[in-house]
Each structure stands twice: as structure tokens, then as C-alpha cells.
């Protein structure tokens, strides 16, 4: 081996040196390329999460004229425990449901319109319940709701706390369906939201007063000369 190296001479050694240098450069380039590839190949980020589209909450408010049957169904869905007794049909009210709610009578009446309810039901939110009226009466759109006994010896008195609580729950379930509400109650219930304004009664037009006719002054008669 020594002899073959010596036989190469100076030219052979130069060529051998060039080969060694090329091999080292190639090794360095391969190492640098591997490092660059390792650094450049970052992990692919996950796709962005798409937020779910919010579902619109349906409006429970009923359209006028509301059906008393639909009101009854929605009250049961709201958790009010009611027993159905009788159902009657007629003309304003077009339908009346007689129920029992928390041991007290509950009557739901359907009228053809809000104006029909105001003119034909006798409901007046400005007056307290009187003889023959229930302790609580609520009106919303064309629906009239009466809660409490209507047979008594006089005007209804302040009920027990349990019936006050039952009336609060009734109003809370009625308002989303037929609100805003008006009421006539022995003890007013807190009504959620704005209160319906009763229709103003028409003001009679004052009659025009006739102006009195001016009285004519008598003309003086001419005096006769003597």
C-alpha cells in the first residue's frame, strides 16, 4: 500500500485530496439539506372549528284571534295542572272551557276579537271585582280568563296565599301567549312586561249652543204737531 501511494506521485496525491474534499462537501451538503427539510416540515395545523349556527327560538305568542283550545294546551305544557270539566260553544264567547286549577274554578273564554271582548264580556280593568265576580280576571287579546269562585254571598275577599301563588303562576304562563294583559283582581298580580291599555271610551261631542237672536228696539213714533 505504501508502495502504491508513493507510485502515485504528487499529481496522484493532489487528485486523491480533491476526492476527499468532494466527499466531505457532499456529506456536509446532505447534512444541511436534511436539517433544512426537518426544520421546514412543520406539522400541518388542524382545520378551524366551525361554530354551530344558533337556532332561533320560536315565538310562543299567539296570533289574534287566539284559540282557547290552544291556550289550554300551552298552559298544560307550562306545567299547570288543570282538570277539564265542560266545554260550551256560542256567540261571543264563541267557546268557553270550564276547568279546575289548584282546587279553584278556572274559566277560559274565546271571543271573536279584542273589541268584542271589551264590549260584550263586561270586563273592566278599572273596577274591582264585585258580587258574582271571581277573585281574578285577566284579559289578553280576545281571551278572557276567570280564576276563582263566582258563587258567593258578597264581593270576593282576599284569598289564601296558595291561591295568590297559583294566580302568579297562571299569569306567568299566560303572558307569553296572549300578553300584554289587563286584570281586575282583589289583590293585583304583578304583570310581566308592559300592561295593555284599555280602549278609551268615546267622548261625546258637545252640541253647539244657539246664540239668542238680538231683540229689536221699538222705533219711536213721530209726535203730532199741535
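We did not get these values from a lab; they are worked out from the coordinates using the rules stated. Source: prediction; values computed, not measured. Neighbour counts are summed over all protein chains in view; Cβ atoms, including those assigned to glycine, are modelled from backbone coordinates with ideal geometry.
Sorting check: for 103-110, 186-193, which peptide has the highest mean count of neighbouring beta carbons within 10 Å, and how do the rest follow? Walk me through the numbers before you get to the answer.
Working: 103-110: 19.6, 186-193: 13.6.
By packing density, highest mean first, the sequence is 103-110, 186-193.
Please work out how much length the chain gains when fully extended from residue 115 to residue 168, using 0.36 nm per residue of separation minus the C-alpha to C-alpha distance, in nm with one decimal. Don't skip to the end; give the middle numbers.
Working: separation 53, 0.36 × 53 = 19.08 nm, distance 2.60 nm.
Computed gain between residue 115 and residue 168 is 16.5 nm.
How much length would be gained if the chain were fully extended between residue 103 and residue 59, taking 0.36 nm per residue of separation minus their Cα-Cα distance, in nm to one decimal? Kindly include the intermediate steps, with their values, before the conclusion.
Details: separation 44, 0.36 × 44 = 15.84 nm, distance 3.10 nm.
Gain on stretching residue 103 to residue 59: 12.7 nm.
Hey, fewest Cβ within 10 Å first, where do 136, 163 land in order?
Working: 136 27, 163 19.
Exposure proxy ranking, most exposed first: 163, 136.
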81, 113 arranged by Cβ crowding within 10 Å, fewest neighbours leading: 81, 113
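So how much slack lies between residue 160 and residue 87, counting 0.36 nm per residue of separation and subtracting their Cα-Cα distance, in nm?
Values: separation 73, 0.36 × 73 = 26.28 nm, distance 2.80 nm.
23.5 nm is the gain from fully extending residue 160 to residue 87.
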